[in-house]
Amino acid sequence: MLLLTALYLAQGLPFGFFVQALPVMMRDAGYSLLAIGATGLLSIPWVLKFLWAPYVDRYGTRRRWLLWLQGSSVCMAAGLAALNLTQALPILFVAMLLFNLIAATQDIATDGLTVRLLDARQRGLGNGIQVGAYRLGMVFGGGVLLWLYARTGWTTMFLAMAALLLLCSLPVWTLRDMPAAASMDKTPPPTPLRVAASWWPRLRQPGMPGFVLLICLYKFGDSMGASLIGPFMKDQGLTLTQIAWLKGALASATSLLGAAAGGWLAYRVGRRAALLFGGLTQTASLVLYGLAAIGIGGYPMIAAACIAEHVLGGIATVALFTLMMDASDPAHAGTDYTLLACVIVIAQGLASMSAAAVGQFLGYPILFASSTLLSGLGCAILVVAINRGVGPARLHTIWPRVRNEIGAA
């Protein structure tokens, strides 16, 4: 559990900086919402990582992959300490692309390891740790580092990032050298070209295309509303220090609470109830941002919305990730789970660009109203569809069974 905590925190740290802190810094420097939204294109490795996921499943060991990737991220963060936002923005964008490539590959290895280590009943707890650690990393990257930047500047901020990433790498050294599951097949090894193309048969498994569409719908509305919350706070007159506090200390505590609650719900009441409760209450948190956008409540309303976003969003995310692990074949865990994770990134990227256009031309109230509607519909559609048998067969052996086993216990 310590290992998984460190690995997922290390993923969330740079991602939180580039997705949450950097947009605020760019808005403060005078960039438009459309320019800020365009930075979402630099997350393309998270969309395309399914292309090299079969290699991570097939070759090498988890420990070797993780050590090399963690070391590379530490070196990159230390190198960025020499840059400046106003003087080297193109270089920063290139670094952002490379950071995303490293983190996306690390995610393949980590998710495959997690699916193999945890059984069906443990996945709720494991995903609570996953989401809690990842969100805590995003809080450090999007809140604490932003606060540090406001107080000390660019160089100290990136040196702090490098130090935190190095600290997260230490538990990897204790990991037993576990070969990838696919590499232990008794059949003759396929050619590298066939390995590269092996994601396609995984995507075409019975029930998988429909499940992919469902999780995309589940995440789109919420992601649309969440993508511009940082610039929204800035446009509402909050200072960088206030935004850093909301996305730092406050978000840290509430994210952990949400992840713990999500893990408990997935473990105790089953996937269906956790997904429905998390999805609908997560939708309700967007209403609070909408009220703030039309001038109701001011700073206290924004703070309440931030708390609700992290607590309720954490519950919904844990439930969804647990369901994704249920749908993944342990023998191809890295590839299956990566395909599903890529769908979420695609949904978030499309939602981010849609939000930028809606926010720029129609305003924040319309943005939060539309995202609320789409989030609620996506949640209802997913639960109803899985109840009716949509999705891979292995998903439906767990969907009712885990809850029944818990009730019997």
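The values are calculated or read from the model by the stated rules, or taken from the named source; none is laboratory data. Here the structure is a predicted model, which is why all the values come from computation and not from measurement. Backbone-built Cβ (ideal geometry, glycine too); neighbour counts: all protein chains shown. Keep in mind that these areas ignore ligands, DNA and RNA; they rest on the heavy atoms of the full protein, side chains included. Shrake-Rupley method; radii C 1.70, N 1.55, O 1.52, S 1.80 Å.
At pLDDT 80 or above, closer than 30 Å to Ser354 by Cβ and assigned to a helix (DSSP H, G or I): does that describe Gln70? Criteria not met by Gln70. Checked against (1) crowded, with 24+ Cβ neighbours inside 10 Å; (2) closer than 29 Å to Leu246 by Cα; (3) at pLDDT below 85, Leu83 meets all criteria but (1).
Condition first: within 21 Å of Arg123 (Cα to Cα), in a helix (DSSP H, G or I) and not acidic (Asp, Glu). Can you find one or more residues in segment 361-381 that meet it? Looking through segment 361-381, at least one residue is within 21 Å of Arg123 (Cα to Cα), in a helix (DSSP H, G or I) and not acidic (Asp, Glu). Restricting Leu340, Leu374 to those that are open to solvent by 10 Å² or more (accessible area, probe 1.4 Å), touching a residue at least 60 places away in the same chain (Cβ under 8 Å) and not small (Gly, Ala, Ser) reduces the list to Leu374. When you look at Ala244, is it surrounded by fewer than 22 Cβ atoms within 10 Å (Cβ to Cβ) and either at pLDDT below 80 or within 18 Å of the chain's Cα centre (by Cα) (or both), yes or no? Judged against the criteria, Ala244 is not a match. For segment 261-270, check the following and say yes or no: at least one residue is within 14 Å of Ile229 (Cβ to Cβ) and in a helix (DSSP H, G or I). Checked against the condition, which is being within 14 Å of Ile229 (Cβ to Cβ) and in a helix (DSSP H, G or I), segment 261-270 yields no hits at all. Checking the conditions here, which among Leu382, Leu367 is crowded, with 22+ Cβ neighbours inside 10 Å and either over 22 Å from the mean Cα position of the chain (by Cα) or within 18 Å of Leu214 (Cβ to Cβ) (or both)? It is Leu382.
Looking across segment 209-237, the residues that are surrounded by fewer than 19 Cβ atoms within 10 Å (Cβ to Cβ) and in a loop (DSSP other than H, G, I, E, B) come down to Gln236, Gly237. I'd like to check something: does segment 157-172 contain any residue that is part of a helix (DSSP H, G or I), open to solvent by 10 Å² or more (accessible area, probe 1.4 Å) and among the aromatic types (Phe, Trp, Tyr)? No, because not a single residue in segment 157-172 is part of a helix (DSSP H, G or I), open to solvent by 10 Å² or more (accessible area, probe 1.4 Å) and among the aromatic types (Phe, Trp, Tyr). Being within 22 Å of Leu373 (Cβ to Cβ) and either open to solvent by 30 Å² or more (accessible area, probe 1.4 Å) or of a type in the set (S, T, N, Q) (or both) is a property that does not hold for Ala261. Right, Cys306: at pLDDT 85 or above and either out of contact with any Gly (no Cβ under 9 Å at 6 or more places or on another chain) or surrounded by 19 or more Cβ atoms within 10 Å (Cβ to Cβ) (or both) or not? Spelling it out, Cys306 is indeed at pLDDT 85 or above and either out of contact with any Gly (no Cβ under 9 Å at 6 or more places or on another chain) or surrounded by 19 or more Cβ atoms within 10 Å (Cβ to Cβ) (or both). Does segment 257-265 contain any residue that is on the phi > 0 side of the Ramachandran plot and of a type outside the set (Asp, Glu)? No, the conditions are met nowhere in segment 257-265. Out of Val318, Val311, one residue alone is in a helix (DSSP H, G or I), under 18 Å from the mean Cα position of the chain (by Cα) and closer than 23 Å to Ala53 by Cα. It is Val318.
For segment 309-331, the set of residues classified as closer than 23 Å to Gly132 by Cα, open to solvent by 10 Å² or more (accessible area, probe 1.4 Å) and of a type in the set (D, E, K, R) consists of Glu309 only. For segment 266-325, residues that are farther than 27 Å from Pro365 by Cα and of a type in the set (A, V, I, L, M, F, W, C) total 11. Among the candidates Arg63, Arg151, Arg135, the residue that is of a type in the set (Lys, Arg), in a helix (DSSP H, G or I) and crowded, with 24+ Cβ neighbours inside 10 Å is uniquely Arg135. Quick check: is even one residue across segment 275-298 open to solvent by 40 Å² or more (accessible area, probe 1.4 Å), outside any helix (DSSP H, G or I) and not small (Gly, Ala, Ser)? Taking every residue of segment 275-298 in turn, at least one turns out to be open to solvent by 40 Å² or more (accessible area, probe 1.4 Å), outside any helix (DSSP H, G or I) and not small (Gly, Ala, Ser).
Can you spot a residue in segment 5-18 that is more than 13 Å from the chain's Cα centre (by Cα), of a type outside the set (Gly, Ala, Ser) and open to solvent by 10 Å² or more (accessible area, probe 1.4 Å)? Within segment 5-18, one or more residues are more than 13 Å from the chain's Cα centre (by Cα), of a type outside the set (Gly, Ala, Ser) and open to solvent by 10 Å² or more (accessible area, probe 1.4 Å). Just checking, how many residues over segment 131-176 are farther than 29 Å from Gly278 by Cα and of a type in the set (A, V, I, L, M)? Counting residues in segment 131-176 that are farther than 29 Å from Gly278 by Cα and of a type in the set (A, V, I, L, M) gives 15. Scanning segment 347-364 for residues that are within 26 Å of Ile215 (Cβ to Cβ) and open to solvent by 70 Å² or more (accessible area, probe 1.4 Å), we see that the one that is farthest from the chain's Cα centre (by Cα) is Met353.
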